[in-house]
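Each value in this text was obtained by applying a stated rule to the coordinates, not by laboratory testing. Because the structure is predicted, anything quoted here is derived from the model rather than measured. All Cβ positions, even for glycine, are placed from backbone atoms using ideal geometry, and neighbour counts span all protein chains on display.
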Amino acid sequence: MSLTTDVLAEFRAAIGEQHVRTEAALLRACETATFATTQKVFGLLQPASAEEVSACLRIAANRGVPLYPISRGRNWGLGSRVPSGDAVLLDLSRMNGIVHFDERFGSLTVEPGVTFQQVHTFLTERKAQWFLPTIGGPPDASVLGNFLERGDGIGPRAERTANMASLQVVLPDGSIAEDGYTRFGDTTLASLSASPAGPSFSGLFTQSNLAVVTRMTIFLARYPSHLQIVFAPIPDENRAHAIDALQQLQTVIGSEAFFTLWNGGKLNARGQAIPQVDADAWFLSGALYGHSSLMAQAQKEAAIAALTSTLPTLQFFDESTLPDFQQQAGIYLGQPSRLNLQSLYAALQRTMPETPDPDRDGCGAIWLCPEVPFDGATIVQATALCERVLRKYDLAPILGMSALSSRTVRFFVSILYDRGTENADQNAMQCHDELQAALLTEGFYPYRLGIQSMDAVAPSPLLERIKAALDPKGILAPGRY
């Protein structure tokens, strides 16, 4: 399809001529991800308000034009700006206002274009006692987009769905709806709680194509008075037992701790290990968030008691023991970093440019995101499966996982390669497909999908019924989740 002159005229009348983009070079860029894609982008709409989003959806519904919303399009490895099917992009990056901040209770209300760097700067300038757990992705990624995709955060309150409230959504017919306490009007409860009487609808709008979310309240984490960084190599013979010990520690310490497990391949790709370490070795890293000296000491003692029998070189770092502690601690306190982006350029054997753009620069990257029970033997099994399939396709195993609770861990499987190499895209996608199927066979189901794997799991019959009721013409992000 193509946008006809009269359809373009309607969109331009609704949001302004300069915000309806059809330049060929721009559309080609929007069709480019970090892996091979075939989807077409017919135009780019840049509304500035929920009312303008509503107008775009009404036009699309009347004209049968598929729309695909993006916040900022920075989810490299999962699709970037590329739609799940041929569509016009609804780019929400102009809606970049921080609408409300509650310093006492630690909540922030944001629009889709607000970035992690923007929030960090906003809170830092106000010397706030709160921070937003950041991500491993780029600083200019969308906060609201990350929450809606149920992406992972680094630090306490990192489970996104447990820390969001009061969504404003625009339905496919253009009507604007409020969830949570905001549906009662101007009430302070809207920024404090997600649980008014009656059913909660917020979950329906995460990882879905049922509406366009134009505003959200998020709950922040309080700065600790005592932060301790934890690091330890994991001996191969102790890996399963060390993971079981970590699971027990997570049960005791709870949300005031954050732990990740990485293989040496990941640390090498990020440039963190100098000199480089064994790619097959595993490491524990994380942080303990103490809100008093007594609490910090108790956390450290609990970690020592739980972990030192399996991690004999367990180390703790704080301001008194690490000269560049403030720099190292930044990512645990909401400061965005481009460190993880370096791993995308490592496969190209290139230093990351000053203004990185993996789509533009030919970085090959595909993520798989399975969730696995927090059990040592099971995690060792899952990592061995990933290593086996990746090596079959001559791809380096670059693996990590985070423990957001004491029940499961979330894997990050990185398929990284040079797109300029002959048949590299085909090889990488074949690896992705085989590994996704193998993980499913073992019961390791995905907690998040990219556009390359939207058909990996069967759709929910109930969700299909809701979609049919809200979007009978199927114009909003067709094929997504």
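Going down the table (Lys392/Lys467; Lys266/Lys392; Lys40/Lys467; Lys266/Lys300; Lys127/Lys300), which pairs top 30 Å between alpha carbons? Before the final figure, lay out each step's value.
Values: Lys392/Lys467 39 Å; Lys266/Lys392 18 Å; Lys40/Lys467 23 Å; Lys266/Lys300 27 Å; Lys127/Lys300 28 Å.
Violating the 30 Å Cα-Cα cut-off are Lys392/Lys467.
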### Task
List the extent of the Cα atoms of region 143-260 along each of their three principal axes, largest first, rounded to whole Å.
58, 32, 24
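Stokes-Einstein diffusion coefficient for region 31-163 at 10 °C in a medium of 1.306 mPa s, Rh from the Kirkwood formula over Cα pairs: what value in µm²/s?
Values: Rh = 16.0 Å.
The diffusion coefficient I find is 99 µm²/s.
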### Query
Once a ≥ b ≥ c are taken as the square roots of the eigenvalues of the Cα gyration tensor of region 271-395, is the result rounded (a/c under 1.5), prolate (a/b larger than b/c) or oblate (a/b not larger than b/c)?
oblate
### Task
State the antiparallel share, in %, of DSSP beta bridges confined to region 27-138, rounding to the nearest 5.
35
### Gyration tensor verdict on region 94-182 (Cα atoms; rounded if a/c is under 1.5, prolate if a/b is larger than b/c, oblate otherwise)
prolate
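Quick one: Phe35, Phe201, fewest Cβ neighbours within 10 Å first, how do they rank? List each step's numbers first, then the result.
Working: Phe35 28, Phe201 16.
Exposure proxy ranking, most exposed first: Phe201, Phe35.
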### Query
Which of these values of mean projected area of the Cα convex hull in nm² was calculated from the structure shown: (i) 25.7; (ii) 27.6; (iii) 22.9?
(iii)
### Query
When the chain is fully extended, how far beyond the present Cα-Cα distance does Phe201 get from Ala384, taking 0.36 nm per residue of separation?
62.0 nm
## Note on the structure
Two pseudo-spin positions, 7 Å from Cα along C-beta at Ala437 and at Ala469, lie apart in nanometres by 3.7
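So what is the relative contact order for the chain, in percent, with contacts set as C-alpha pairs under 8 Å and at least six apart? Could you put the intermediate results ahead of the total?
Working: 1015 pairs, mean separation 84.6, N = 481.
18 percent.
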### Query
Where the convex hull is taken over the Cα atoms of region 1-67, what is its projected area averaged over directions, in nm²?
4.9
### Query
Using 1/(1 + (r/R0)^6) with R0 = 45 angstrom and r between the beta carbons of Thr121 and Glu301, what's the FRET efficiency to the nearest 0.05?
0.80
### Message
Can you compute 3J(HN,Hα) from phi for each residue in region 275-280, using the Karplus curve 6.51 cos²θ - 1.76 cosθ + 1.60 with θ = phi - 60°, rounded to whole Hz and x for Gly and Pro?
### Response
x, 5, 9, 4, 4, 8
### Query
R0 = 30 Å: FRET efficiency of Asp278 with Glu354, Cβ-based, nearest 0.05?
0.45
### Message
Tell me the angle of helix 5-15 to the major Cα principal axis of the chain, expressed in degrees between 0 and 90 and rounded to the nearest ten.
### Response
60
## Note on the structure
Counted neighbours (other Cβ, 10 Å), sorted fewest up, put Ser71, Ser320, Ser80 in the order Ser320, Ser80, Ser71
### Task
Working from Cα positions, state the angle (0 to 90°, nearest 10) between the long axis of helix 116-125 and the longest principal axis of the chain.
70
### Message
In region 53-85, whose amide N lies under 12 Å from the spot 7 Å out along Cα-to-Cβ of Met454? List them in ranges.
### Response
66-69, 79, 82-85
### Task
Enumerate the calculated ³J(HN,Hα) couplings along region 329-344 in order (Karplus 6.51 cos²θ - 1.76 cosθ + 1.60, θ = phi - 60°), each rounded to whole Hz, writing x wherever the residue is Gly or Pro.
7, x, 5, 7, 10, x, 7, x, 9, 9, 4, 5, 5, 4, 5, 5
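If the chain between Leu8 and Thr308 were fully stretched, how many nm would it gain, using 0.36 nm times the residue separation less the Cα-Cα distance? If you can, show how the numbers build up before the last one.
Values: separation 300, 0.36 × 300 = 108.00 nm, distance 6.49 nm.
Here the answer is 101.5 nm.
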### Angle between the chain longest axis and helix 50-63 axis [Cα atoms, degrees, rounded to 10]
60
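I need Val143, Val380 ordered by Cβ neighbour count within 10 Å, fewest first.
Numbers: Val143 28, Val380 15.
Result, fewest neighbours first: Val380, Val143.
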